[in-house]
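The values are calculated or read from the model by the stated rules, or taken from the named source; none is laboratory data. Not measured: the values here are computed from a predicted model. Cβ placement follows ideal geometry from the backbone for every residue including glycine, while neighbour counts extend to all protein chains displayed. Surface areas here come from the heavy atoms of the whole protein model, side chains and all, with no ligands, DNA or RNA. Shrake-Rupley method; radii C 1.70, N 1.55, O 1.52, S 1.80 Å.
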Amino acid sequence: MDVRAAVAFEAGKPLQIETVQLEGPKAFEVLVEVKATGICHTDEFTLSGADPEGLFPAILGHEGAGVVVEVGPGVTSVKPGDHVIPLYTPECRQCPSCLSRKTNLCTAIRATQGKGLMPDGTSRFSFQGKPIHHYMGCSTFANFTVLPEIAVAKVRDDAPFDKICYIGCGVTTGVGAVLNTAKVEPGAKAIVFGLGGIGLNVIQGLRLAAADMIIGVDLNPDRKEWGERFGMTHFVNAKEAGKDLVPLLVDMTKKGADQIGGADYTFDCTGNVNVMRQALESCHRGWGVSVIIGVAPAGAEISTRPFQLVTGRVWKGTAFGGARGRTDVPKIVDWYMDKKIEIDPMITHILPLPEINKGFDLMHKGESIRSVVVY
Ligand code: NAD
Ligand code: 022
Ligand code: ZN
């Protein structure tokens, strides 16, 4: 069938709107009409050419929501008409990783997904007879896409697509990092570095977990108001604090008889390795946990003195907020519909597909929290 897509033909070039061909779903695959998609940093990272694993031409996009229109042979968990969110971290419930209960990083289709292909080793998209790569197993920058059955979460059908698409990446990553990865307890003190589309969701996750002190750190003073909107209790301007940032944060978290200071939990939502170090070192001695969420540039390395870890701080990382997509994503949609979490104010821009490149510009300039393309 003919579908409308924003195609990444070459690294460093804007996306091109084209009519491309999409083959129907094969066994254990589903055809989804994408209704809305967010624009996220990884799309930009790949499009820019900075991603060493980036493949071209490709249909990018991994933060979508839509409706199942057709299912291939063997599909039992969804049917036409079901509302779904595509999952760049699938959940097969059968591979050693899923069965371990220790990780959300399902390995069932990992090899082919990384090569921009469906699990049978081929692509469903083509343009002028030549295949186009899938992206992160999702390719939501097209008004229809084909996905493996294990890479869709069935969600309730009264939730608005232009909001819940954000649950396909940013919301789940931020909220999940707090609840699944850090397992923050009520009364905790936390620091969030980077108050963008991920950090703000960490903040609302901390509010949900009933953290007491939620310190936000950013270089951009405009982000203070944004943080406060979702439950941040204190703001530190990293530019103003300069070299004294870590001692300042440690001091802010001192209380009563405990004169050591440091947060119970810290989160890097910047992808900057220097910030990752600051996040670890502003954790409390003996038990502080620092979670890396930001994706650093290719080849980057983190460092700290081993003393930081010997004295009991823990360095962790998280992918997709540790969420098991088919199990957890429908619950997060329920939380949104029950107003336990907010999404609407974070979606600062809505664009039609032909203006998708504008969404990348807004992200560059730091003018958006999230731009969403509505088909
Ligand atoms: P964003 O650009 O919207 O936000 C980043 C924020 O960090 C900005 O407000 C910026 O001003 C601030 N910042 C930059 N440098 C800083 C510094 N030195 N100190 C303090 N603040 C600083 O980005 P986002 O959408 O929130 O994404 C954040 C990161 O999370 C990205 O690296 C993204 O790739 C990553 N991410 C990871 C996962 C995962 O599963 N691990 C999922 C989604 C996104
Ligand atoms: C999403 N991300 C950043 C912004 N939006 C993001 C990027 C990468 C990962 C998670 C979220 C990630 C962490 C660990 C892995 N990935 C490896 C998973 C594995 O090896 O099993 C990751 C994922 C998908 C892809 C690449 C890397 C891909 O499909 N190309 C989950
Ligand atoms: Zn993303």
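Could you work out the pair-distance distribution P(r) of the range 96-172 from its alpha-carbon pairs, with 5 angstrom bin width and percents rounded to whole numbers? That works out to 3, 12, 19, 22, 19, 15, 8, 2, 0, in percent per bin. Viscosity 0.692 mPa s, temperature 37 °C: Stokes-Einstein D of the range 137-207 from its Kirkwood Cα radius, in µm² per second? So the translational diffusion coefficient is about 234 µm²/s.
Using alpha-carbon positions, what is the distance between the centroids of the range 1-66 and the range 327-375, in Å? Each part's Cα centre sits 17 Å from the other's. Give the shape of the range 58-134 as rounded, prolate or oblate, defined through the alpha-carbon gyration tensor: a ≥ b ≥ c are the square roots of its eigenvalues, a/c under 1.5 means rounded, and otherwise the shape is prolate if a/b is larger than b/c and oblate if not. Note, shape of the range 58-134 comes out oblate.
Taking amide H as placed 1.01 Å from N in the peptide plane, the amide H of LEU351 sits under 5 Å from that of VAL372, VAL373, VAL374, each at least 5 places away or on another chain. Here the mean projected area of the convex hull built on the C-alpha positions of the range 185-224 is 2.5 nm².
Averaging the Cα positions of each part gives two centres, and for the range 94-111 and the range 149-216 these lie 22 Å apart.
Could you look at the chain and say what percent of its accessible area is carbon and sulfur, using a 1.4 Å probe and all protein chains? Within the chain, the accessible surface is 53 percent carbon and sulfur. With semi-axes defined as the square roots of five times the eigenvalues of the C-alpha gyration tensor, the equivalent ellipsoid of the range 295-360 measures 34, 22, 12 Å, largest first. Note: the range 105-150, Cα convex hull, 77 Å³ per residue. In units of the rule-of-thumb radius 2.2 N^0.38 Å, the range 1-100 shows an alpha carbon radius of gyration of 1.22.
Charges were assigned to the Cβ only: +1 to each Lys and Arg, -1 to each Asp and Glu. The resulting dipole of the range 44-93 about its Cα centre is roughly 240 debye. What you get for the range 259-363, charging only the Cβ of Lys and Arg (+1) and of Asp and Glu (-1), is a dipole of about 420 debye around the Cα centre. Taking one equal scatterer on every alpha-carbon of the chain, how large is log10 of I(q)/I(0) by Debye at q = 0.08, 0.09, 0.12 1/Å? Each listed q maps to, in turn, -0.39, -0.50, -0.87. Ordering VAL84, THR173, ILE356 by the projection of their Cα atoms onto the charge dipole of the chain, which places +1 on the Cβ of Lys and Arg and -1 on the Cβ of Asp and Glu, puts THR173 at the extreme positive end. Computed over the alpha-carbon pairs of the range 69-213, the distance histogram in 5 Å steps reads 2, 9, 15, 17, 18, 16, 12, 6, 4, 2, 0, 0 percent, short to long. Charging the Cβ of each Asp and Glu at -1 and of each Lys and Arg at +1, and nothing else, the dipole of the range 79-167 about its Cα centre rounds to 300 debye. Across all directions, the average flat footprint of the convex hull enclosing the Cα atoms of the range 203-318 is 7.5 nm². When you count the other C-beta atoms within 10 angstrom of each residue and take the mean per peptide, 254-263, 139-148, 308-317, 106-115 line up highest first as 139-148, 106-115, 308-317, 254-263. Rolling a 1.4 Å probe over the heavy atoms of the protein chains gives the range 184-247 an accessible area of 41 Å² per residue.
The equivalent ellipsoid that matches the C-alpha gyration tensor of the range 167-269 spans semi-axes of 21, 17, 10 angstrom, in descending order. For the Cα trace of the range 253-349, dividing Rg by the Kirkwood Rh returns an Rg/Rh value of 1.07.
The length gained by stretching the chain between ARG101 and GLU225 to full extension, at 0.36 nm per residue less their Cα-Cα distance, is 40.8 nm.
When each of the peptides 286-298, 42-54 is scored by the mean number of other C-beta atoms lying within 10 Å of its residues, the order from highest to lowest reads 286-298, 42-54. Per residue, the solvent-accessible area of the range 1-100 (1.4 Å probe, heavy atoms of protein chains only, all protein chains present) comes to 40 Å².
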